[in-house]
Amino acid sequence: MATDDAFVVFDRVQKSYDGRTLVVKDLNISIGRGEFLTMLGPSGSGKTTCLMMLAGFEVPTHGEIRLDGQPINDIPPHRRGIGMVFQNYALFPHMTVAENLSFPLEVRGIGREEREGKVRRALEMVQMEEFATRLPGQLSGGQQQRIALARALVFEPELVLMDEPLGALDKQLREHMQYEIKHLHERLGITVVYVTHDQSEALTMSDRIAVFNDGVIQQLSTPEDLYERPENSFVAQFIGENNKLEGEVVALEGDVATVRLADGALTKALAVRVEGPGSPTLLSLRPERVRLGESGGENRATAEMLEMIYLGDHIRCRARVHGNDEFIIKVPNNSGHPPIMVGQTMPVSWAVEDCRALDPL
Amino acid sequence: MSQVPADPHAAVVTTAGGVEDGPILTVDGQPLDEALARAGRRARWRAFLLVLPLLVFVLVTFITPIGQMLHRAIYNPTFSQNMPRISAWLKAHPDDPPTEEAYALLIEDLKEARKNKTIGAVATRINYDVPGTRSLFTSTARKARRLKPPFGEALLKANRKWGDPRVWTAMRQAAHAYTIDFLLNALDFTRDAGGDIVRVEPERQIYGKLFLRTLVLSLVITGLTLVLGFPIAHLLANLPLRYSNLLMIFVLLPFWTSLLVRTTSWIVLLQTNGVVNDILVWLGLIRDDQRLQMIFNQTGTVVAMTHILLPFMVLPLYSVMRTIDPSYVRAARSLGATSWTAFRRIYLPQTVPGIGAGALLVFILAVGYYITPALVGGSSGQLISNMIAFHMQKSLNWSLAAALASLLLGGVLILYWLYDRLVGIDNLKLG
């Protein structure tokens with residue numbers, strides 16, 4: 001995303017609450033108009049603080065935030081015109097659904113008729129027309145979620161912030177709402193900044209994902225890149241399931257590193273973040289990229305099957321590979337796979353480019 | 001279950017526990033509701049036994065005294081019990097002027113009352129209604145043995161006041177043990193010589209003014225505690241725990257100090273040569289001969305009572321505010337509301353249960369407050385409870401005290417009802 005058409009820009013932003021530790025360390029990010037960007041990270045990683053700074057509830061200790069080219073550090077939250085959906089929805093409990101939706105229009109001095117039209121359209125958008133006269137307390141979690149969404153959109157902001165909006169819903173409803181939010185985003189063309197700690201939510205909805213840890217963005221890229229090509233061990237661990245193999249770089253030829261593993265065996269891996277021969281490294285290998293048998297690729301090993309879990313579409317095997325007891329192999333449940341038994345020793349293999357040599361943790 | 005469902009499968013469901021079209025039975029054929037009642041009975045009895053001591057306590061120490069007080073406000077048998085003969089005659093001849101027979105009965109009663117040493121109580125009772133008649137009864141009772149017929153003239157000779165129709169009206173009223181006269185008195189009404197209800201002379205209309213003053217001062221105090229308590233409660237609810245605990249101690253500190261100490265310390269502060277006046281003089285804001293009178297008047301009552309009742313406003317407000325998620329105000333701000341609009345339209349309405357509870361609590365306490373106005377109120381800062389205490393302790397007119405207290409209780413109940421109608425009592429949150 002080029003800087004000149006960036007809609008939201010964080011420019012060298014730092015935030016500290018106590019003057020001793022930084023919660024957000026040197027954050028630089030630019031979000032394009034119409035983009036769906038997710039800030040993903042474990043709790044305490046600084047992602048919510050970033051969102052609150054953008055909304056105007058926290059002041060950056062250093063640096064500048066720009067919205068549509070304008071610095072907004074000194075603009076109070078109510079003049080930023082940013083829609084926001086809160087984790088607990090924050091629907092005003094003493095107002096009906098229609099009054100809740102009408103509130104942002106009233107404070108903008110919009111006339112009664114226009115207000116009613118907009119409220120009705122916003123309710124239609126989330127298919128909640130018949131609930132206009134209910135109080136929020138009379139709605140289910142999912143319904144409250146939709147109303148909160150409608151309220152954040154009713155005054156037609158260009159930017160909408162969402163702070164873990166689906167965290168309180170059950171799994172099925174959450175997945176359903178993910179699609180609804182995604183479709184709304186596509187239809188309305190708004191820019192969305194979304195905060196979550198749920199990686200599948202981030203992968204489902206986002207154009208780009210910023211993975212936060214320890215106040216720093218570890219990687220900012222598309223969902224596909226993030227999963228397929230993690231740039232460091234934290235991202236590899238955090239996104240999806242991952243097999244770790246510790247080792248030491250023996251040789252480096254082009255982008256292929258030869259690594260000596262803990263059990264002494266040599267294996268080849270794609271050098272992504274290694275410093276050179278002699279340096280420690282952590283190999284990252286997705287469980288579904290490991291094949292039973294010898295047809296998977298150049299790297300071969302023997303696996304002693306320790307545990308099997310039948311999961312319908314695939315079988316999840318825990319095995320000992322290169323001395324690692326926690327090595328997971330996902331075997332697709334198609335007709336051709338060889339019979340697996342616990343205690344059995346089988347050859348396994350994987351391709352060099354699927355095994356990424358990253359920084360040691 | 002009274003209809004037999006058309007669907008045969010549904011019928012199976014309803015008859016699974018019993019017969020169709022009748023009460024549902026348990027598997028061994030007992031009616032289900034009886035079985036349920038039996039199952040719950042033991043637990044209910046145990047629960048009842050647990051609250052029984054409190055129930056008895058409340059009954060003995062609360063319900064009974066209040067019932068007694070309400071009763072005493074309309075029931076005073078002093079005259080009818082101690083002067084039975086004349087009382088009976090007056091009741092039998094409600095409209096007749098006193099006859100020779102009545103005078104004879106009166107003298108008979110006076111003699112006996114003197115012998116029983118109850119003449120003082122009788123005299124006091126009539127004295128409530130016609131001031132200055134106490135000695136009429138006691139002195140006539142002393143002479144009663146020597147009075148000879150015709151008794152009418154003899155009585156008049158003994159004391160000319162026996163010819164005063166007001167005395168006879170008062171006796172006529174007092175002859176009835178049940179009377180609304182005390183309630184009338186408490187509302188500044190009385191009976192004229194003919195027995196009709198009239199207002200008392202303007203200079204003796206004290207209770208109406210006192211009720212009004214009590215109401216106004218209580219409202220002022222409630223308003224002040226709200227204005228002062230709201231920000232404190234908000235601060236308490238939003239500070240980090242370690243600071244809010246400290247602040248809470250300061251709020252509760254008055255509770256741990258004797259009421260008497262707190263009230264007298266206000267005297268030290270506010271009196272003419274007190275700390276506040278000294279500082280004002282020292283600052284040059286007032287001259288030494290212009291020292292403000294801030295105590296022993298209404299100002300003193302308002303200041304001291306506001307201070308004492310403040311925690312009763314802060315605590316319910318705090319408990320409500322603590323439950324209001326800060327994200328509501330944030331949401332309002334993000335939706336475009338200024339901080340003032342967010343406060344007025346989002347925060348304030350959510351604190352209404354706390355405001356209601358605090359205001360009701362403070363108001364009801366203030367209406368019945370006694371010690372503080374007595375100590376710092378002077379004469380202009382006295383409330384109705386001080387008058388009730390006066391009639392309990394000094395004038396010993398317990399029936400009038402009871403009548404005043406009953407009216408106070410009735411007034412509070414009416415306000416409580418009004419509150420329920422306007423705000424809704426289920427909107428109340430005390431903690």
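The values are calculated or read from the model by the stated rules, or taken from the named source; none is laboratory data. Owing to the predicted nature of the structure, the values given are computational and were not obtained by experimental measurement. Cβ placement follows ideal geometry from the backbone for every residue including glycine, while neighbour counts extend to all protein chains displayed.
Out of all the residues in region B:300-332, which are within 24 Å of A:THR48 (Cα to Cα) and surrounded by fewer than 24 Cβ atoms within 10 Å (Cβ to Cβ)?
Hits for region B:300-332 are B:ARG322, B:THR323, B:ILE324, B:ASP325, B:PRO326, B:SER327, B:TYR328, B:VAL329, B:ARG330.
Quick check: is even one residue across region B:208-220 under 24 Å from the mean Cα position of the chain (by Cα), over 30 Å from B:GLY356 (Cβ atoms), surrounded by fewer than 19 Cβ atoms within 10 Å (Cβ to Cβ) and touching a residue at least 40 places away in the same chain (Cβ under 8 Å)?
No, there is no match, as no residue in region B:208-220 is under 24 Å from the mean Cα position of the chain (by Cα), over 30 Å from B:GLY356 (Cβ atoms), surrounded by fewer than 19 Cβ atoms within 10 Å (Cβ to Cβ) and touching a residue at least 40 places away in the same chain (Cβ under 8 Å).
Condition check ((1) outside any helix (DSSP H, G or I); (2) within 23 Å of B:SER265 (Cα to Cα); (3) touching an Asp or Glu at 6+ places or on another chain (Cβ under 9 Å); (4) among the β-branched types (Val, Ile, Thr)) across all residues:
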{"site": "B:THR301", "(1), (2), (3), (4)": "no, yes, no, yes"}
{"site": "B:ALA304", "(1), (2), (3), (4)": "no, yes, no, no"}
{"site": "B:ILE308", "(1), (2), (3), (4)": "no, yes, no, yes"}
{"site": "B:TYR328", "(1), (2), (3), (4)": "no, no, no, no"}
{"site": "B:PHE343", "(1), (2), (3), (4)": "no, no, no, no"}
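Answer with yes or no whether A:ARG120 is out of contact with any Phe, Trp or Tyr (no Cβ under 9 Å at 6 or more places or on another chain), among the charged types (D, E, K, R) and more than 9 Å from chain B (Cβ to nearest Cβ).
yes
Determine which member of the set A:GLN172, A:GLN138 is assigned by TED's automatic domain parsing to the domain that holds A:VAL97, more than 27 Å from A:SER43 (Cβ to Cβ) and surrounded by fewer than 20 Cβ atoms within 10 Å (Cβ to Cβ). Spell out the reasoning first.
Numbers: A:GLN172 fails: more than 27 Å from A:SER43 (Cβ to Cβ).
Matching residue, one of A:GLN172, A:GLN138: A:GLN138.
Could you pull out the residue among B:VAL19, B:VAL58, B:VAL13 that is outside the structural domain of B:PRO149 (by TED's automatic domain parsing) and either modelled with pLDDT of 85 or more or in contact with an Asp or Glu (Cβ under 8 Å, 6 or more places away or on another chain) (or both)?
Every option except B:VAL58 fails the conditions.
Taking into account only those residues within region A:199-226 that are charged (D, E, K, R) and out of contact with any Lys or Arg (no Cβ under 8 Å at 6 or more places or on another chain), which is nearest to A:ASP26 (Cα to Cα)?
Step by step, filter region A:199-226, then rank; the result is A:ARG208.
Just checking, does region B:356-372 include any residue being closer than 18 Å to B:VAL227 by Cα, within 14 Å of chain A (Cβ to nearest Cβ) and buried (at least 17 other Cβ atoms within 10 Å of the Cβ)?
Checked region B:356-372: at least one residue is closer than 18 Å to B:VAL227 by Cα, within 14 Å of chain A (Cβ to nearest Cβ) and buried (at least 17 other Cβ atoms within 10 Å of the Cβ).
A:GLU130: buried (at least 18 other Cβ atoms within 10 Å of the Cβ), acidic (Asp, Glu) and either within 14 Å of another protein chain (Cβ to nearest Cβ) or within 21 Å of A:SER102 (Cα to Cα) (or both), yes or no?
no
Just a yes or no: is a residue in region B:335-350 within 33 Å of the chain's Cα centre (by Cα), more than 8 Å from chain A (Cβ to nearest Cβ), in contact (Cβ under 8 Å) with a residue 60 or more places away in the chain and surrounded by fewer than 21 Cβ atoms within 10 Å (Cβ to Cβ)?
Filtering region B:335-350 for residues within 33 Å of the chain's Cα centre (by Cα) gives B:348-350.
Pick out the ones that are also more than 8 Å from chain A (Cβ to nearest Cβ) and you get B:348.
If we keep only those that are in contact (Cβ under 8 Å) with a residue 60 or more places away in the chain too, we end up with none.
No: region B:335-350 contains no residue that is within 33 Å of the chain's Cα centre (by Cα), more than 8 Å from chain A (Cβ to nearest Cβ), in contact (Cβ under 8 Å) with a residue 60 or more places away in the chain and surrounded by fewer than 21 Cβ atoms within 10 Å (Cβ to Cβ).
Within region B:268-327, can you find the residues that are closer than 30 Å to B:TYR347 by Cα and either among the basic types (Lys, Arg) or without any contact (Cβ under 8 Å) to a residue 24 or more places away in the chain (or both)?
Of everything in region B:268-327, those that are closer than 30 Å to B:TYR347 by Cα and either among the basic types (Lys, Arg) or without any contact (Cβ under 8 Å) to a residue 24 or more places away in the chain (or both) turn out to be B:ARG322, B:THR323, B:ASP325, B:SER327.
What are the pairs with Cβ atoms under 7 angstrom where one residue, in region A:120-135, is closer than 16 Å to A:HIS183 by Cα and the other, located anywhere, is outside any helix (DSSP H, G or I) and among the β-branched types (Val, Ile, Thr)? Sequence gap at least six, or different chains.
That search, which allows pairs on different chains as well, returns A:ALA122/A:VAL154.
Checking B:PRO231 against (1) in contact (Cβ under 8 Å) with a residue 60 or more places away in the chain; (2) under 30 Å from A:MET84 (Cα atoms); (3) within 34 Å of the chain's Cα centre (by Cα): exactly one of these is not met. Which one?
(1)
Of the residues in region A:102-113, how many are out of contact with any helix residue (DSSP H, G or I) (no Cβ under 8 Å at 6 or more places or on another chain) and more than 9 Å from chain B (Cβ to nearest Cβ)?
We begin by selecting, within region A:102-113, every residue out of contact with any helix residue (DSSP H, G or I) (no Cβ under 8 Å at 6 or more places or on another chain); these are A:108-109, A:111-113.
If we keep only those that are more than 9 Å from chain B (Cβ to nearest Cβ) as well, we get A:109, A:111-113.
Qualifying residue count for the region: 4.
Every residue in region A:66-105 that is under 17 Å from A:LEU27 (Cα atoms) and either in contact with a Cys (Cβ under 9 Å, 6 or more places away or on another chain) or of a type in the set (Lys, Arg) (or both), please.
A:ARG66, the sole residue that qualifies.
Could we say that B:ASN185 is of a type in the set (S, T, N, Q), part of a helix (DSSP H, G or I) and assigned by TED's automatic domain parsing to the domain that holds B:ILE388 here? Can you show your working first?
On the way: of a type in the set (S, T, N, Q): yes; part of a helix (DSSP H, G or I): yes; assigned by TED's automatic domain parsing to the domain that holds B:ILE388: no.
Taking the combined requirement at face value, the residue does not satisfy it.
Select from region A:102-127 the residues that are part of a loop (DSSP other than H, G, I, E, B), buried (at least 18 other Cβ atoms within 10 Å of the Cβ) and among the basic types (Lys, Arg) and list them in ascending order.
none
Can you find, within region A:69-101, the residue that is nearest to A:PHE131 (Cα to Cα) among those that are exposed (fewer than 15 other Cβ atoms within 10 Å of the Cβ) and facing another protein chain (nearest Cβ under 10 Å)?
Here the residue is A:ARG79.
If a residue must be in a helix (DSSP H, G or I) and among the β-branched types (Val, Ile, Thr), how many such residues does region A:11-68 contain? So that I can check it myself, show each step before the final result.
Applying the first criterion (in a helix (DSSP H, G or I)) to region A:11-68 yields A:47-55.
Applying the additional criterion that residues be among the β-branched types (Val, Ile, Thr) yields A:48-49.
Result for region A:11-68: 2.
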